[in-house]
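Worksheet: the structure to be examined is printed underneath.
The values are calculated or read from the model by the stated rules, or taken from the named source; none is laboratory data. This one's a predicted model, so the numbers in the text were calculated from it and none came from an experiment. As a convention, Cβ positions derive from the backbone with ideal geometry for all residues, glycine included, and neighbour counts pool all protein chains shown.
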Amino acid sequence: MIRKVLLGLAFLIAVAAALFFTIGPIVLEQKLNTRADVELPQISPEARALHARLAIADMHADTLLWRRSLLSRATRGHVDLPRLEAGNVALQVFSSVTQSPPGINYDSNSAEDDTIIWVAIAQLQPIRTWTSLVERSLFHADRLTRFEAESEGRLRIVRTRADIDRLLADRLRGEAVTGALLSVEGLHNLDGDAGNLDRLFNAGFRMASPTHFFDNRLGGSMHGEEKGGLTDFGRAIVRAMEQRRMIVDIAHASPAMVDDILAMATRPVVSSHGGVQAVCDVNRNLTDDQITMIATTGGVIGIGYWDGAICSADPQDVVASILHVRGLVGIEHVGLGSDFDGSTTVPFDTSELAVVTQLLMDAGLSEGEIAAVMGGNVIRLLRNNLPRG
């Protein structure tokens, strides 16, 4: 009798484990990366034709966090290669998320706990990623490299100015190729070791934000407990990034850290994904003073599509945010920063980006201005500031 009970328990444990490791990651992503139920505008033939001529770039997607292939069109999430191709995206920045606190919020989060470890375990990532944050990022880089190798030339990792030039030239010749650039969302993944920056650079990472949702050894997050400025370690890392021609991203940085970074910047600084307080007054978004300071460095502000960035699910508010930056500092300092697949609810996925083109046309922007917003500004910044190659 006891043997039967034990066998029954073992069977139930095996079934639960199978569900946890197979169905669990799918259910989790379906719950976290969703589409808002909103009516999208009709796309005119003129907007479709213009959209097809654009070189589109998006500065932030967290797709590499999730266990699905970039090469197959998924029924969940917001980004994969078939949908990037359908949306005519020339360059997608893929971020590496390595730590996230439980009960995540915009006001105050502790650095003590981590929910990403359960994502790593549930998705059967290598054991090295269960205990090391830098190994989680290196695993994400390995995944993207594998997708590139298996894409038959359709996906190409961008590391240098020469890579940008070749990507654009090949697309002009009609080749179906999409660029991918690696970024880090929070340099807590250095694990306190400055030497790990070189490991990330050698793995292909070319953009990074010092903080994510909590304070770390580099300084304060806008969502942290202390919200301080750059530490001495943080200053050293920002200088090292600039020396390596890595793009410094102030998304999620505390106001004090933003001030410190902009005061020491010798290269353009970006805010890869977010909004503007003039349209959506939450601490996640940029003040007019911060927008002006980023523009002074020659940087670009990426506008997101989720409610934390635009305070709604209405794509009209994406355009309102773009127009605010344009009016404040000029069209050359605004671009796209979706936060696709970042545990966000958005009005459209990347295959439907012509919605933004249509709304920018409706707002009266010229073709040149639309081209700048949809990707020209980001591509120019990367081309002028990545290693030459």
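Name, by its number, the condition in (1) farther than 20 Å from Asn109 by Cβ; (2) out of contact with any Lys or Arg (no Cβ under 9 Å at 6 or more places or on another chain); (3) buried (at least 18 other Cβ atoms within 10 Å of the Cβ) that does not hold for Thr296.
Among (1) farther than 20 Å from Asn109 by Cβ; (2) out of contact with any Lys or Arg (no Cβ under 9 Å at 6 or more places or on another chain); (3) buried (at least 18 other Cβ atoms within 10 Å of the Cβ), Thr296 violates only (3).
Answer yes or no: is there a residue in segment 97-114 that is crowded, with 22+ Cβ neighbours inside 10 Å and in the same structural domain as Arg166 (by TED's automatic domain parsing).
Yes, because at least one residue in segment 97-114 is crowded, with 22+ Cβ neighbours inside 10 Å and in the same structural domain as Arg166 (by TED's automatic domain parsing).
Considering segment 361-384 alone, what residues qualify as being surrounded by fewer than 18 Cβ atoms within 10 Å (Cβ to Cβ), touching a residue at least 60 places away in the same chain (Cβ under 8 Å) and more than 19 Å from Ala180 (Cα to Cα)?
Asp362, Glu367
Kindly indicate whether Thr344 is surrounded by fewer than 24 Cβ atoms within 10 Å (Cβ to Cβ) and farther than 20 Å from Asp165 by Cα.
yes
I'd like to verify a number: residues in segment 248-269 that are outside any loop (DSSP other than H, G, I, E, B) and either within 13 Å of Gly304 (Cβ to Cβ) or among the acidic types (Asp, Glu) (or both), how many?
So the count comes out to 3.
Checking the structure you have, find out if any residue of segment 272-287 is in a helix (DSSP H, G or I), out of contact with any helix residue (DSSP H, G or I) (no Cβ under 8 Å at 6 or more places or on another chain) and touching a residue at least 12 places away in the same chain (Cβ under 8 Å).
Checked against the condition, which is being in a helix (DSSP H, G or I), out of contact with any helix residue (DSSP H, G or I) (no Cβ under 8 Å at 6 or more places or on another chain) and touching a residue at least 12 places away in the same chain (Cβ under 8 Å), segment 272-287 yields no hits at all.
Within segment 312-321, can one find any residue that is touching a Gly at 6+ places or on another chain (Cβ under 7 Å) and at pLDDT 95 or above?
For segment 312-321, residues touching a Gly at 6+ places or on another chain (Cβ under 7 Å) and at pLDDT 95 or above: present.
Limited to segment 301-356, what total is found for residues that are more than 22 Å from Ile379 (Cβ to Cβ) and among the acidic types (Asp, Glu)?
Residues flagged as more than 22 Å from Ile379 (Cβ to Cβ) and among the acidic types (Asp, Glu) within segment 301-356 amount to 3.
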